[in-house]
Amino acid sequence: MLLPSPSTSSGDAPVRSTDNDAAAARVSAVKQGYLLDPFAKHLVPRAHLLPLRPPLINIGTYVRTAAIDSLVDQWLELAEKASQTCQIISLGAGSDTRFWRIASGKLSDGLGTYVEVDFPEITTKKAMAIKKSKDLLTTLGDPSHVSLDQGGTALRSTRYHLLPLDLRVDPEDVLKSVLATPQPNGLNLVDPSKPTLLIFECVLAYMAPELSSRLLEWFVKWSQTSPCGILGCIVYEMFGLNDAFGRVMVNNLKERSITLPGAEAYSTIESLPGRFLNTGFTAARALTLKEIRKSYIPRSELDRIAGLEFLDETEELDLVLDHYAISWGLFFVNNEIAVKWGHWGLVDRDDSDINM
Ligand SMILES: C[S@@+](CC[C@H](N)C(=O)[O-])C[C@H]1O[C@@H](n2cnc3c(N)ncnc32)[C@H](O)[C@@H]1O
């Protein structure tokens, strides 16, 4: 099949600009006390001057981040229980700080390699910001192992690797060799026999669905190359864009020359797991941010964030949160693995003592 080819670098500028929105929302949620993230400000120029976002955006940022953190933490805990270290690959990572939060947290030991990829314009900016920040550099470990690479578009360290890559390019052409890059310890950058978690946080909506499917299928096949392959994938994005609210969102983005080809196929929450099941994953689930806020965030956290800002319109909040979803898929090569990893996923707070 002939797949759409990547457009020009300047044509991608509007999509790249969405990273500024995500980073500004994160900084606002941190300033208002929703999130604890001492690293976010180092990746955003003049973060202290950024205007605060409205309460419903801050709450949305909180719910999205808490839910993804919970899935990532569970992944690290399951790896630890299996006496393994896991790998995380964040695709379209932008100015995300998750690596630093994990590496400075209590689950750090369970993390092996952490790879982030994005367009070179974004990785260059991030690599420079990392080099300039003592806090970010310290968390990367031994400074003698931190180096810029590929003309400053990449940054390498013992565990953390920031790499330039257009996700629309055939994975066989570039990604394959990037992931197999030999490291100073003689091993490849990532290893299909280790539990590997992919994160697409607000990225796939901007890509043609055929190209996202090709990428997901490629990762499943890559995992199958190991007899103990286990692959998890988290996707966060907007969906259900064919109602009045969705049409307004699409038109607002169109004014900035941003389209959402990857969201068009997903009109309902039920349709989202299909993305995983149709690309070879074994199991998948999806929840809206509205459902996650209502039933999956611990009550103590809901009470805490309710006291942070006055929110006069809960109906509007529900409408917004009902158009964003977190979905996750799991692929495992053999059933022995299914017993250990099959329960990975968000748990309704009334069904579990596990706190997010
Ligand atoms: C909305 S931002 C999200 C950034 C980050 N994941 C977060 O949640 O904070 C979308 C990111 O995806 C990246 N992106 C979109 N399409 C991409 C592609 N084809 N290749 C690489 N990165 C891409 C953009 O450059 C941008 O950094």
Worksheet item: Can you name the condition, by its number, that Thr124 falls short on among (1) touching an Asp or Glu at 6+ places or on another chain (Cβ under 9 Å); (2) polar (S, T, N, Q); (3) within 16 Å of the ligand (Cβ to nearest atom)?
Response: (1)
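With the requirement that a residue be in a loop (DSSP other than H, G, I, E, B), of a type in the set (Ser, Thr, Tyr) and touching a residue at least 24 places away in the same chain (Cβ under 8 Å), what does segment 151-207 give you?
Within segment 151-207, Thr153, Ser193 meet the criteria.
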Worksheet item: Hey, does segment 335-350 have a residue that's surrounded by 15 or more Cβ atoms within 10 Å (Cβ to Cβ), in contact (Cβ under 8 Å) with a residue 12 or more places away in the chain, aromatic (Phe, Trp, Tyr) and in contact with a Lys or Arg (Cβ under 8 Å, 6 or more places away or on another chain)?
Response: no
Worksheet, complete the sentence: Residue hits (segment 164-218; of a type in the set (Val, Ile, Thr) and either more than 16 Å from the ligand (Cβ to nearest atom) or farther than 27 Å from Gly345 by Cβ (or both)) are Val169, Val174, Val178, Thr181, Val190, Thr196
Item to complete: Name, by its number, the condition in (1) assigned to a strand (DSSP E or B); (2) in contact (Cβ under 8 Å) with a residue 40 or more places away in the chain that does not hold for Leu148.
Response: (2)
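For (1) crowded, with 21+ Cβ neighbours inside 10 Å; (2) under 26 Å from Asn335 (Cα atoms), each residue gets a yes or a no:
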{"position": "Thr268", "(1), (2)": "no, no"}
{"position": "Pro273", "(1), (2)": "no, yes"}
{"position": "Leu289", "(1), (2)": "yes, no"}
{"position": "Lys294", "(1), (2)": "no, no"}
{"position": "Asp303", "(1), (2)": "no, no"}
{"position": "Leu311", "(1), (2)": "no, no"}
Discussion item. So Leu36 passes all but one of these: (1) under 18 Å from the mean Cα position of the chain (by Cα); (2) part of a loop (DSSP other than H, G, I, E, B); (3) within 14 Å of the ligand (Cβ to nearest atom). Which condition number does it fail?
Written reply: (3)
Worksheet item: Given the structure, is Ala284 in a loop (DSSP other than H, G, I, E, B), aliphatic (A, V, I, L, M) and closer than 21 Å to Trp218 by Cα?
Response: no
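Can we say Ala284 is in contact (Cβ under 8 Å) with a residue 24 or more places away in the chain, in contact with an Asp or Glu (Cβ under 8 Å, 6 or more places away or on another chain) and either crowded, with 17+ Cβ neighbours inside 10 Å or closer than 15 Å to Asp243 by Cβ (or both)? Break it down stepwise before answering.
On the way: in contact (Cβ under 8 Å) with a residue 24 or more places away in the chain: yes; in contact with an Asp or Glu (Cβ under 8 Å, 6 or more places away or on another chain): no; either crowded, with 17+ Cβ neighbours inside 10 Å or closer than 15 Å to Asp243 by Cβ (or both): yes.
Criteria not met by Ala284.
Away from the ligand (no atom under 16 Å from the Cβ) and at pLDDT 95 or above: is that true of Val235 in this structure? I'd like the intermediate steps shown before the answer.
Details: away from the ligand (no atom under 16 Å from the Cβ): no; at pLDDT 95 or above: yes.
Answer is no for this residue.
Here is a yes/no grid of residues against (1) touching a His at 6+ places or on another chain (Cβ under 8 Å); (2) assigned to a helix (DSSP H, G or I):
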position: Ile88; (1), (2): no, no
position: Ala93; (1), (2): no, no
position: Ile102; (1), (2): no, yes
position: Val115; (1), (2): yes, no
Item to complete: Could you check Ile354 against (1) modelled with pLDDT of 95 or more; (2) surrounded by 13 or more Cβ atoms within 10 Å (Cβ to Cβ) and say which number it fails?
Response: (1)
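Sort through His42, His48 and tell me the only one that's over 20 Å from the mean Cα position of the chain (by Cα) and either within 22 Å of Ile234 (Cα to Cα) or of a type outside the set (Val, Ile, Thr) (or both).
Numbers: His42 fails: over 20 Å from the mean Cα position of the chain (by Cα).
Matching residue, one of His42, His48: His48.
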Fill in: Matching option when the condition is within 14 Å of the ligand (Cβ to nearest atom), closer than 22 Å to Leu137 by Cα and within 19 Å of the chain's Cα centre (by Cα), among Ala103, Ala23
Ala23
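The values are calculated or read from the model by the stated rules, or taken from the named source; none is laboratory data. In this text, all values refer to a predicted model and were calculated from it rather than measured experimentally. Positions of Cβ are backbone-derived with ideal geometry, glycine not excepted, and every protein chain shown enters the neighbour counts.
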